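Only the coordinates and a few stated rules stand behind these numbers; no lab work does. A quick note: this is a predicted structure, and the numbers were derived from the prediction, not measured. Positions of Cβ are backbone-derived with ideal geometry, glycine not excepted, and every protein chain shown enters the neighbour counts.
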Amino acid sequence: MSGGHETPTSAAAIAADREAFRVFLREHNLPATAQRLAIADVVLGTDRHLSADDVARELRAHGARAGTATVYRTLEVLVRSGLVVERDFAEGFKRYEASRGIPHHEHLLCTMCGRVTEFRDERLERMTTLLAEAHDFSRQRHRLVIYGLCGACRRGPSSSTSGMHHGS
Ligand SMILES: [Zn+2]
Ligand SMILES: [Zn+2]
C-alpha cells in the first residue's frame, strides 16, 4: 500500500540537464564559471534533496571550492532556470532537487536523520481534488510533507541491514 517508487536517473538525462544549464547561462549573459558548473553538477547529478550546506560539502569532497554566497547565488540561478526546484520543509533551511521530469510528488521527512523519501499516490491526487470541490475551491496545486521517523531510525543502528526484501 505504500506508493514508493524509484525513478533511476539516466546519465543521459543528467547530461541533458547540464547542457540546458549552460544554455541558460549563455542566454542570460551569465558566465559559465567552473564554480557554477561544479555546483550545477552536484545538484543535477543526484536524486537527493540537498541543502546549500550539503552542496558545499559535496564540492569540498570533490576538491572544488565555492563560497557560501556563490553556492546560494548559483542555486538561485538553477531554480530560475527551472532545472531545480526549491523545497522548504520548515527545517530552517531550504533543500534543492533536480526537477527533471519529476511528476508531482510528496515527501516523507525523517526528523531524526533528515532523510527525504518521495512518494506519489493517485488516491491522494484525487482526494485533494474532491476536498477542494467540497469547499467550492478550484484546486491548483498542493504539497504534503509527512514528518516522522524512517524505518532505519525507528529500528536503531544495530538493525540497519536486517529487514525483509522482496524481489524485483
Ligand atoms: Zn531516519
Ligand atoms: Zn522530491
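Counting only chymotrypsin sites (Phe, Trp or Tyr not before Pro) that DSSP places in a loop and that have at most 16 other Cβ atoms within 10 Å, the longest clean stretch of the chain runs over 1-92.
Compactness of region 2-146 was expressed as the Cα radius of gyration divided by 2.2 N^0.38 Å, which yields 1.16. Counting Lys and Arg as +1 and Asp and Glu as -1 over every other residue whose Cβ lies under 13 Å from the Cβ of residue 139, the net charge comes to 0. Restricting the GluC sites (Glu not before Pro) of region 80-141 to loop positions (DSSP other than H, G, I, E, B) with no more than 15 neighbouring Cβ atoms within 10 Å leaves 91. Sorting 84, 79, 23 from the fewest to the most surrounding beta carbons within 10 angstrom yields 23, 79, 84.
Each residue, residue 121 and residue 14, gets one label point 7 Å from its Cα in the Cβ direction; the gap between the two is 3.1 nm. Working from Cα pairs under 8 Å separated by at least six residues, relative contact order for the chain is 19 percent. In the chain, the DSSP-assigned H stretches of four residues or longer account for a calculated mean residue ellipticity at 222 nm of -13000 deg cm²/dmol, using -39500 (n - 2.57) per stretch and the full residue count as denominator. For region 106-159, the Kirkwood estimate of hydrodynamic radius, built from reciprocal distances between every pair of different alpha carbons, is 13.0 Å.
Roughly what angle does helix 52-61 make with the longest principal axis of the chain, taking Cα atoms, 0 to 90 degrees, to the nearest 10? With both axes taken from Cα atoms, the answer is about 60 degrees. Between the Cα long axis of helix 122-134 and the first principal axis of the chain there is an angle of about 80°, rounded to the nearest 10. Listed by Cβ neighbour count within 10 Å, with the fewest neighbours leading, 14, 39 appear as 14, 39.
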